[in-house]
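What follows is a set of notes on a single structure, which appears directly below.
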Amino acid sequence: LLLSSAAAGLGVATGFGIASLHGEPLKRSSPTVAGERIAFYGPHQAGIDTPPPNHLHFAAFDLTSDNLTDLRDLLSAWSEAATLLTAGEPLPPQNANTETGPPDTGETIGSGPSALTLTIGLGPSLFDTRRHLGIAHLMPAALTPLPALPGENLDHSRSGGDLAIQACSTDAQVAFHAIHDLTRIAAPVAALRWTQTGFNRTSTSSQTQPTPRNLIGFKDGTNNIPTNDQATMRRYVWVNPGDGPEWMSEGTYMVTRRIQILLDVWDANPTTDQERTIGRHKLSGAPLGAQHEHDPPDLTAETNGQPLIPADAHIRLAAPQNNNGQRILRRGYSYTDPLEPTSGQLNAGLFFICFQRNPHKQFLTIQRRLAENDALNKNIIHTTNALFAIPPGAHHKGYIGETLFHTKDG
Ligand code: HEM
């Protein structure tokens, strides 16, 4: 361990490959200097249809100013900084010896881009008529806060928010650094409301990525929207021209739910019961009654006069066939927090994130169906809730949210 951390330090300092005692390059699980770079600019924001890496640092902010120019300047400053951060470059000026400290806090110098994506969102509370920002008339109907749902026990201090940044990276420190420095940029006009870290993606972006397992030990993301299928993305994820408002065209909406998994309850179920709860085989990920992970589930199959995939199985209730054809793009992460204070149990679960064209038609339809009688419900509690409009991507020299300020809407 000592050897590899010393060698890693050397690698960072020199920027060249690291040689082991045997002359073989030491392999690191995440890229360092030569890490993958994902462009910040583009028609859609990154962090939605880009392959999910394994680390998440999510932050929600409250805007402390009621001046629209402050909001615009913040979105512009965040976008400018995000182009550098996603390129793995420090925020200028480097080595600035100012009273307030250097703009870049420095913990990722030499780490490279590490596939960092920064996805910026606007919460419903920004458009509240009681605010003096003057944008209430631009509120998308799809951003109307979600109603209370059965089975949730929400911590409101860790829910909602005026603004959000989803930072995803192959390197946890790169994701942390982005939130750290973007929070400092926001400081005069916006304050952190809540943060959530996540490890191990629980989704796939397309079938070219292997399906990961979530904390219940099952493959998660098998039957997700393949992000390389443009027609399906257009149908279910991107806001189409004509959906309204115009400033959200090519954007999307993000729902986040911190879902605690009662691991002690779940772990005590025999594997066959766990499989009937999900509707899939634990090892292979195949639907019950099938052989391979990507075999389609047969929701009509019966055994001894009973549905082979039980009536209350998670995948049956979440399937488009039972939700007016609705689908969502899931892109969540596992999380663990300090011990559950009352029970002393592990406090862990799924930080569920999904993207869709209209959360009221899509997430809400599916979640209502699940809340009714998903067999998984006795093992989980939804503890937070947030909804954000994710504006379209920006072009070079533009900024995320620009369409809101130059819209013909309203
Ligand atoms: C801790 C909570 C949850 C766990 C552990 C969980 C786990 C799983 C697993 C193991 C699968 C099967 C593999 C796959 O297709 O990805 C699945 C499928 C799915 N889940 Fe969840 N899930 C949770 C919460 C939710 C929520 C809140 C929603 C949406 C409201 C949701 C929507 C879906 C959908 C749409 C599918 C695919 C169904 C299909 O086959 O058509 N899940 N989930």
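Helix-only mean residue ellipticity at 222 nm, the chain, DSSP H runs n ≥ 4 weighted -39,500 (n - 2.57), per residue, nearest 500. What is it?
Dividing the helical sum by the residues of the chain leaves -6000 deg cm²/dmol.
Using a Cα-Cα cut-off of under 29 Å, which lysines could be cross-linked to LYS378, ignoring same-chain neighbours fewer than 8 residues away?
Reachable lysines: LYS219, LYS282, LYS361.
Among the complete DSSP H segments of the chain, which ones combine at least 15 Å of alpha-carbon extent along their axis with a mean Kyte-Doolittle hydropathy of 0.5 or more?
Going by DSSP H runs, the hits are 2-14, 172-186.
Any idea how far the Cα center of the stretch 88-159 sits from the one of the stretch 161-178, in Å?
9 Å
Taking the Cα centre of the stretch 269-410 as origin and charging only Cβ (+1 Lys, Arg; -1 Asp, Glu), how large is the dipole, in debye to the nearest 20?
Magnitude of the dipole: close to 500 debye.
Using only the Cα atoms of the chain, build the gyration tensor, take square roots of its eigenvalues as a ≥ b ≥ c, and label the shape rounded, prolate or oblate: rounded if a/c is under 1.5, else prolate if a/b is larger than b/c, else oblate.
Because a/c hits 1.5 or more and a/b fails to exceed b/c, the chain counts as oblate.
Between GLU246 and THR100, what length comes free when the chain is fully extended (0.36 nm per residue of separation minus the Cα-Cα distance, one decimal in nm)?
48.6 nm
Order of 163-174, 250-261 by packing, highest average Cβ count within 10 Å first?
163-174, 250-261
For the stretch 168-233, report the accessible area per residue in Å² (1.4 Å probe, heavy atoms, rounded to an integer).
Dividing the accessible area of the stretch 168-233 by its residue count gives 39 Å².
Rounded, prolate or oblate: which fits the stretch 235-350, taking a ≥ b ≥ c as square roots of the Cα gyration tensor eigenvalues, rounded meaning a/c under 1.5, else prolate when a/b beats b/c?
Oblate, since a/c reaches 1.5 and b/c is not below a/b.
Using a 1.4 angstrom probe on heavy atoms only, work out the carbon and sulfur share of the accessible area of the chain in %.
After summing per-atom areas, the C and S share lands at 54 percent.
Rounded if a/c is under 1.5, else prolate if a/b is larger than b/c, else oblate: which is the stretch 100-139, with a ≥ b ≥ c the root eigenvalues of its Cα gyration tensor?
Taking the square roots of the gyration eigenvalues as a ≥ b ≥ c, the stretch 100-139 is oblate.
Straight distance only, please: which aspartates and glutamates reach the Cα of LYS408 with their own Cα at less than 18 Å, same-chain residues fewer than 8 apart left out?
ASP243, GLU246, GLU250
In whole percent, what relative contact order does the chain give with Cα contacts below 8 Å and a gap of six or more residues?
23 percent
Do you know the relative contact order of the stretch 243-392, to the nearest whole percent, from alpha carbon pairs under 8 angstrom that are 6+ apart?
Reported relative contact order: 41 percent.
Compute the FRET efficiency between ALA348 and THR208 as 1/(1 + (r/R0)^6), taking r as their Cβ-Cβ distance and R0 = 30 Å, and round to the nearest 0.05.
0.60
The values are calculated or read from the model by the stated rules, or taken from the named source; none is laboratory data. Every value quoted in this text rests on a predicted model; they were computed, and no experiment measured them. Glycine also receives a Cβ, built like all others from the backbone with ideal geometry; neighbour counts cover every protein chain displayed. Areas reflect the complete protein model, heavy atoms only, side chains present, ligands, DNA and RNA absent. Shrake-Rupley method; radii C 1.70, N 1.55, O 1.52, S 1.80 Å.
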